[in-house]
Each structure stands twice: as structure tokens, then as C-alpha cells.
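For reference, the structure discussed in these notes is given below.
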Ligand SMILES: N[C@@H](CCC(=O)N[C@@H](CS)C(=O)NCC(=O)O)C(=O)O
């Protein structure tokens with residue numbers, strides 16, 4: 001079985017591993033599944049060949065024996081359901097881990113993405129200085145709630161799962177904002193994710209792509 005994913009030919013984050021191919025790479029590393037990467041330029045992402053795989057002209061995509069998937073969350077669920085290591089065996093614990101996958105993508109990720117999008121699309125608009133604190137307030141509310149749930153636990157619900165993998169990648173997008181510094185338990189949680197050997201392999205792989213593009 002050959003797995004092929006797509007990633008930026010030259011990631012705008014300059015190899016910081018914030019693009020969403022990173023979560024797919026990490027998941028594949030966690031389950032020990034080899035994969036190939038097809039790099040796409042911003043131009044190619046909007047052309048018919050790529051849009052046939054990803055209707056919104058984005059990365060990542062996932063191809064496996066004629067199956068084509070897009071949406072990083074759906075790709076992760078596909079990988080996690082077919083391999084050991086990213087979802088617990090117990091049915092209820094599994095359902096809870098999947099719930100955390102959705103929580104990462106539907107509840108925590110949206111305000112963090114709003115912050116980035118506001119900066120690059122509205123950063124020079126007169127309302128931006130007033131808008132940013134409002135977005136940050138929404139982010140902090142979610143982080144307060146997430147930190148309250150996590151407490152001193154290592155992971156969100158028992159053992160490490162795809163829910164943690166997604167949550168760590170989502171929280172990482174706050175790097176540089178200074179917000180995470182106010183949440184030591186969440187910062188430590190992100191550090192634990194980044195300390196995993198599979199994370200390190202995935203990070204190095206995407207960094208190598210960026211370095212090769214220079
Ligand atoms: N919800 C999608 C979002 C995909 C997405 O936003 N991808 C970004 C890279 S992280 C992208 O391709 N941006 C370029 C663009 O939208 O033109 C997912 O989780 O896969």
C-alpha cells in the first residue's frame with residue numbers, strides 16, 4: 001500500500017511545522033506507516049488536477065490505493081481507525097478520543113485561525129487594533145476551559161490519542177503570540193507532544209522540504 005500526501009512546495013511558515021500536512025505526517029509516524037509526499041505550489045493547488053483531489057484547493061490530501069481524502073481531521077480518523085496507537089481499543093474511550101479530535105478542530109482551532117487570518121488580511125485596516133483583543137479574549141476563554149479540563153494530566157483522556165495529536169498541532173499555531181506563556185500546563189502539554197519521537201521525525205521531514213526549497 002502506497003500512501004501519498006500533499007504538502008506545500010515552500011511552506012509560508014518557513015519550516016516551523018504549522019501547516020496541516022504536519023499533523024498527517026505525525027499520525028503516519030506514530031503508526032509506523034511509510035508515506036510519500038507530493039509537493040504543490042500555491043499555483044498548482046488551485047489548478048484542476050489538485051482541485052480534483054481537494055475541492056477547496058488546499059493541502060493536505062491523502063491518497064491510498066485509489067482512495068482520495070482531504071480534510072486533515074478526516075485523514076487522521078482514517079489513519080487512526082486502521083492502525084493501533086492513535087485510538088484506544090475500548091469503545092467508549094475511543095468515542096471520547098474522537099470527541100477530542102472534533103474539539104480540537106471545531107472548538108479550539110477556529111479562534112486561533114481567526115487570529116492569523118486577521119493579521120494577514122486585516123493587519124493594515126483601521127479596526128485591527130480593536131479586533132485583535134476581541135479574538136484573543138475568545139482564544140483565552142477556550143484555553144482557560146482546556147487547561148481546567150487537562151489539570152495536571154498528561155493527556156486529555158488517559159493515554160495519548162489522535163485527539164491529543166490534533167490539539168497539540170492546533171495549540172502550536174499560537175506560538176509567537178505569547179498567549180500560551182500564560183498557560184504553563186498547556187505549554188507543558190504541547191512540549192510533551194513535541195517530545196514524542198514520531199513528532200520529531202515528522203517535524204524533521206517537513207523542515208527538510210523547506211530547507212531544500214531555499
Ligand atoms: N480544514 C482543512 C484546512 C486546510 C488548509 O487550510 N490548508 C492550508 C494549509 S495549512 C492551505 O492549503 N492554505 C492555502 C490556501 O488555502 O490557499 C484541513 O484541515 O485540511
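All of the numbers you see were taken from the coordinates with simple rules; none came from a lab. For clarity, every value in this text was computed on a predicted model and none was experimentally measured. All Cβ positions, even for glycine, are placed from backbone atoms using ideal geometry, and neighbour counts span all protein chains on display.
Identify all residues within segment 57-98 that are assigned to a helix (DSSP H, G or I), touching a helix residue (DSSP H, G or I) at 6+ places or on another chain (Cβ under 9 Å) and within 16 Å of the ligand (Cβ to nearest atom); write none if there are none. 72, 73, 75, 76, 77, 79, 80, 98, listed by residue number. A single entry from 208, 95, 162 fulfils the requirement of being within 19 Å of the chain's Cα centre (by Cα) and loosely packed, with under 14 Cβ neighbours inside 10 Å: 208.
If the condition is being within 9 Å of the ligand (Cβ to nearest atom) and in contact with a strand residue (DSSP E or B) (Cβ under 8 Å, 6 or more places away or on another chain), then segment 8-24 contributes 8, 19, 21, 24. Considering segment 25-51, the residues that are more than 27 Å from residue 83 (Cβ to Cβ) and in a loop (DSSP other than H, G, I, E, B) include one that is nearest to the ligand (Cβ to nearest atom), namely 46.
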